[in-house]
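Heads up, the thing below is written out as structure tokens.
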Amino acid sequence: MYNMKKILLPVDFSVYSYNACLFAIKMAKTFGSEIHLFHSYFNRIIYTDNSFSTGLDSGTLLNEQLLDIEKNAHNDLKKLHETLKSQLEKENVKNIKIKYSLVSGEPDSTIINFCKEYKPDIIIMGSRGKSKKGTLMGSVTKKIMNNSKVPVLAIPEAYSYGSISNIMYLTDFKESDELLIDKIMNLFKKLKIIIHCVHLNLYLYENNISRNKKQMKNLKKIILKKYKKENIDFKLIDSSDISHDIKVFVNKNNIDMIAFHSHKRNIFKELFTHKLTKKYLFQANVPLLSLNT
């Protein structure tokens, strides 16, 4: 059973990850969650020039630089920890614990490994980081989404937390739909949410539209056995401009979050060969919830 008792919050001290921190705090206040700040720093230094001055010990220099990197990372993490704790104290919030961990290594692998030990209920992180490369495609966030068994909530840089009421779930009519909708309901069970189960009929595949109608009807029948129709609705969208149609749906239905199955064989494999990319979804300025089975 999913809940929100433990939030893992990877940070890189950028403004983007700090925005994710603010979101996580508000979530923690709602659910009474524990927050665990996590930062991984690179423990390798690559030299493009191996020539050193006479008498200079390259091993000593390397060790000193690595120690500086670790020290700076620890200081930054401790400072962020104190900042967040002070914010909670000013708000007189006493039921939220904030811990932190610092490790060395590649961010994506260390986060995945730490999840095995910490067992968080959700990972909340920024959609981009200090590198400003920004797009989710190819970034650490995407790697975590693709490989984490824990739900991952990626927060756009300009997003301001309000409330979570309407969640758009993009379905590609896989057997996992029922399980993933259960996960969303259980994860946010303390909130009154409505899940908008949406599938896009692409005009490029017109021969599939009648099949999609049948599949949506079957999915609706299965889900409504568990949940009241007031809590979930189902929508097929005939689309020739995917980016535009998702944006219209998000705005029209006051969508607070877009959820999807982060798997190689999902709706995005099909959509990404055309106009839609995950980068666009972040431009919709709502968090993305990645779910795996």
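The values are calculated or read from the model by the stated rules, or taken from the named source; none is laboratory data. Everything numeric here is computed off the predicted structure, so don't read it as measured data. Cβ atoms come from the backbone with ideal geometry, glycine included; neighbour counts cover every protein chain shown.
What the table shows:
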| item | result |
| --- | --- |
| Residue within segment 179-188 that is under 20 Å from Phe234 (Cα atoms) and in a loop (DSSP other than H, G, I, E, B) present | yes |
| Any hit, segment 130-142, residues being modelled with pLDDT of 95 or more and either among the β-branched types (Val, Ile, Thr) or over 25 Å from Leu288 (Cβ atoms) (or both) | no |
| All positions within segment 159-200 that are among the hydroxyl-bearing types (Ser, Thr, Tyr), touching a Leu at 6+ places or on another chain (Cβ under 9 Å) and modelled with pLDDT under 90 | Ser160, Tyr161, Ser163 |
| Tabulated pairs, segment 76-89, first in the same structural domain as Phe38 (by TED's automatic domain parsing), second part of a helix (DSSP H, G or I), C-beta under 8 angstrom, 6+ apart or interchain | Leu80/Tyr18; Leu80/Cys21; Leu84/Cys21; Leu84/Ile25; Gln87/Ile25; Leu88/Ile25 |
| Those helices (runs of 4 or more DSSP H) lying entirely in segment 214-292 with at least 2 residues at pLDDT 85 or above and either surrounded by fewer than 13 Cβ atoms within 10 Å (Cβ to Cβ) or not assigned by TED's automatic domain parsing to the domain that holds Asn201 (or both) | 242-252 |
| Scan of segment 137-156 for residues that are under 23 Å from Asp245 (Cα atoms) and touching a strand residue (DSSP E or B) at 6+ places or on another chain (Cβ under 7 Å), ordered by number | Leu153, Ala154, Ile155 |
| Scan of segment 34-74 for residues that are modelled with pLDDT of 75 or more, over 16 Å from Tyr18 (Cβ atoms) and out of contact with any helix residue (DSSP H, G or I) (no Cβ under 7 Å at 6 or more places or on another chain), ordered by number | Glu34, Asp68, Ile69, Glu70, Lys71, Asn72, His74 |
| Residues being closer than 18 Å to Asp182 by Cα and touching a residue at least 24 places away in the same chain (Cβ under 8 Å) - total across segment 211-225 | 4 |
